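Peer 1: One structure coming up, written as structure tokens, with questions to follow.
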Amino acid sequence: MVELLGPGGTIEMVRAVLSNGADSVFVGAFGFSRRSGYELKHSEVKEAINIAKGMKKKIYIAMNAFIEKEMIQTLLEKRVSDYAKWGADGIIVKTPEFMRAISNSYPDLEVVASVGCHIDSKEKIDFYSKMGATTVVLSTELRRDFEKIADLSDYAHSLGLKTEILINGTACYRGVGNCNFFSYFKDAFETITLVDSDGFKVEKIFGNPEKGGGCYRPCLYIGDPIVKALAPSSVLEEMRIEKNLNERFTLAREIPKFLEIGIDILKIQGRKYPVDLVASMTRIFAKILEKSLKARDPDLSEEISRLDLLLKELDAIREEQTKKLRKKLYEKLTPKIEIAQE
């Protein structure tokens, strides 16, 4: 049975998406997921697991920031062991060595090779399968290439793996997890020390999504002087040709096609948005999925119209978030550039 996976940026959101039709929810482990500011502390993860289990639904813990090798054993002992004991269904991971360690130590946990793994080939499916993945999330770059999605999904299934695809989210330049444009702005990176509910400390690097700190989204304003000053002109020229720089996309209309292909998990991103907005979106996606399971060519016009209105609201919020990130980047970098030019 296909699974609708919703975001859980807060405890309130966990309850909301599961109450509005999601079959499962994902939450970020504090300090270790790719979404800065929308993670759950350790005690909250336990609460979220209890909520999901009480509703007889599934829950995944996102630990898909880059995990340093020396941290792996500590995280197995201080985090993953508790998640397994509390009843989590799986862990979402990008770092191959961490993936393998979880699989070896906790074989009953599902191991999801994150969208950040940028899985776009059979070779990558082979690799992450050997690392212990039980589910592979296909790259955002493939989101409308149904022929390739079908080919890779069939191949993953032949290896005994489940497949997942984002039906609502954001596509980075060259695909989530495959973009390094943020690295040109490393002088704006900010180290943030987080203290969890049990006193466990971890450092994030704001501006570096691989280190769990989010991104300044400079690809959305590549014409700005500060971006031109730091990024190579050849890279900027290439990006000007690209049509999906940090594109917010929704594949609601394509859900019947994904069912036909046999995708196992349909994922909704959105931990950073208001709870009521995410809950409403989840409810509509659940209705679209319900209709698509009942009919080969369902009439989704009503649901799509309602969803479009919600997405306009989401886009307005996202635009404001980008403006704040852009302002922060200027505040961080303008003095440094001025000094360098003197």
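Peer 1: Do any trypsin sites (Lys or Arg not before Pro) in region 228-302 lie in a loop, going by DSSP, with at most 12 other beta-carbon atoms within 10 Å of their beta carbon, and if so which?
Peer 2: Of the trypsin sites (Lys or Arg not before Pro), the ones in loops of region 228-302 whose Cβ has at most 12 other Cβ atoms within 10 Å are Lys243, Arg296.
Peer 1: Compactness ratio of region 58-189: Cα Rg over 2.2 N^0.38 Å, N = residue count?
Peer 2: Normalised Rg, Cα atoms only: 1.08.
Peer 1: Set the Förster radius R0 to 45 Å, insert the Cβ-Cβ distance between Glu12 and Glu123 as r into 1/(1 + (r/R0)^6), and round the FRET efficiency to 0.05.
Peer 2: After rounding to 0.05, the efficiency reads 0.65.
Peer 1: Okay, next question. Report the convex hull volume per residue for region 3-341, counting only C-alpha atoms, in Å³.
Peer 2: Residue-normalised Cα hull volume stands at 136 Å³.
Peer 1: What is the extension gain from Glu319 to Lys257, computed as 0.36 nm multiplied by their sequence separation minus the C-alpha to C-alpha distance, in nm to one decimal?
Peer 2: 19.3 nm
Peer 1: Sort Ile304, Ile49 by Cβ crowding within 10 Å, fewest neighbours at the top.
Peer 2: Starting with the residue having the fewest Cβ neighbours, the order is Ile304, Ile49.
Peer 1: Loop-only check: which GluC sites (Glu not before Pro) in region 35-117 are DSSP coil with at most 15 other Cβ within 10 angstrom?
Peer 2: In loop regions of region 35-117 (DSSP not H, G, I, E or B), the sparsely surrounded GluC sites (Glu not before Pro) are Glu68.
Peer 1: Looking at the chain only, what percent of DSSP beta bridges run antiparallel? Nearest 5 please.
Peer 2: 25 percent
Peer 1: Looking only at Cβ-Cβ distances, which cysteines of the chain have no other cysteine closer than 4.7 Å?
Peer 2: Unpaired cysteines in the chain: Cys117, Cys215, Cys219.
Peer 1: Defining a contact as two alpha carbons under 8 Å apart and six or more residues distant in sequence, what relative contact order in percent does region 187-339 show?
Peer 2: Rounded, it is 22 percent for region 187-339.
Peer 1: Given H placed on each backbone N at 1.01 Å, which residues far from Glu247 in sequence or on other chains put an amide H within less than 5 Å of it?
Peer 2: Ala171
Peer 1: Using only the Cα atoms of region 125-232, build the gyration tensor, take square roots of its eigenvalues as a ≥ b ≥ c, and label the shape rounded, prolate or oblate: rounded if a/c is under 1.5, else prolate if a/b is larger than b/c, else oblate.
Peer 2: Oblate, because a/c is 1.5 or more while a/b does not exceed b/c.
Peer 1: In whole Hz and in residue order, list the ³J(HN,Hα) couplings for region 108-117 that follow from phi through the Karplus curve 6.51 cos²θ - 1.76 cosθ + 1.60, θ = phi - 60°; x for Gly and Pro.
Peer 2: 7, 7, 6, 10, 9, 6, 4, 4, x, 6
Peer 1: Going 7 Å from the Cα of Ser43 along its beta-carbon direction, which residues of region 65-90 have the amide nitrogen within less than 18 Å of the resulting point?
Peer 2: Within reach of a label on Ser43, which here means backbone N under 18 Å from a point 7 Å along Cα→Cβ, region 65-90 contributes 79, 82-83, 86.
Peer 1: Still on this structure, I have one more. Near the amide H of Ile67, under 5 Å away, which other amide H atoms are found, from residues 5 or more places off or on another chain, if H is placed in the peptide plane?
Peer 2: Result for Ile67 returns Thr95.
Peer 1: On to the next question. When a footprinting reagent is the concern and you count Cβ atoms within 10 Å, what order do His157, His118, His42 take, fewest first?
Peer 2: His157, His42, His118
Peer 1: Let me ask something else about it. How much mean residue ellipticity at 222 nm does the chain get from its helices, if each DSSP H run of length 4 or more adds -39500 (n - 2.57) and you divide by all residues, to the nearest 500 deg cm²/dmol?
Peer 2: For the chain, the value works out to -13500 deg cm²/dmol.
Peer 1: Taking amide hydrogens as modeled 1.01 Å from N in the peptide plane, which residues meet the under 5 Å criterion relative to Phe26, leaving out close sequence neighbours?
Peer 2: So Phe26 has HN proximity to Gly6, Gly8, Tyr60.
Peer 1: A follow-up question, please. Could you give P(r) for region 1-96, binned at 5 Å from zero, as whole percent values over all Cα-Cα pairs?
Peer 2: Bins of 5 Å from zero give 3, 15, 27, 26, 18, 8, 4, 1, 0 percent of pairs.
Peer 1: Ordered by residue, what ³J(HN,Hα) values in Hz, to whole numbers, does region 304-318 give under the Karplus form 6.51 cos²θ - 1.76 cosθ + 1.60, where θ = phi - 60° and Gly and Pro are x?
Peer 2: Each residue's phi maps through the Karplus curve to give 5, 5, 5, 5, 4, 5, 5, 6, 5, 5, 4, 5, 5, 5, 5 Hz.
Peer 1: To continue, here is another question. Whole-Hz Karplus ³J(HN,Hα) for region 258-272, in order, using 6.51 cos²θ - 1.76 cosθ + 1.60 and θ = phi - 60°, x for Gly and Pro?
Peer 2: 5, 5, 4, 5, x, 4, 8, 10, 10, 10, 9, 7, x, 4, 8
Peer 1: Setting aside same-chain residues fewer than 8 positions from Lys287, which lysines have a Cα under 16 Å from its Cα?
Peer 2: Lys257, Lys267
Peer 1: Now, a different point. Looking at region 258-339 from every direction and averaging, what is the projected area of its Cα convex hull in nm²?
Peer 2: Value for region 258-339: 7.7 nm².
Peer 1: Contact order normalised by length for region 3-341, with contacts defined as Cα pairs under 8 Å and 6 or more residues apart; what percent is it?
Peer 2: Once divided by the residue count of region 3-341, the mean separation gives 19 percent.
Bear in mind that the values in this text are calculations on the coordinates, not laboratory data. Bear in mind the structure is a predicted one, so any value in this text is a computation, not a measurement. A quick note on method: Cβ atoms are made from the backbone with ideal geometry, for glycine too, and the neighbour counts reach across all protein chains shown.
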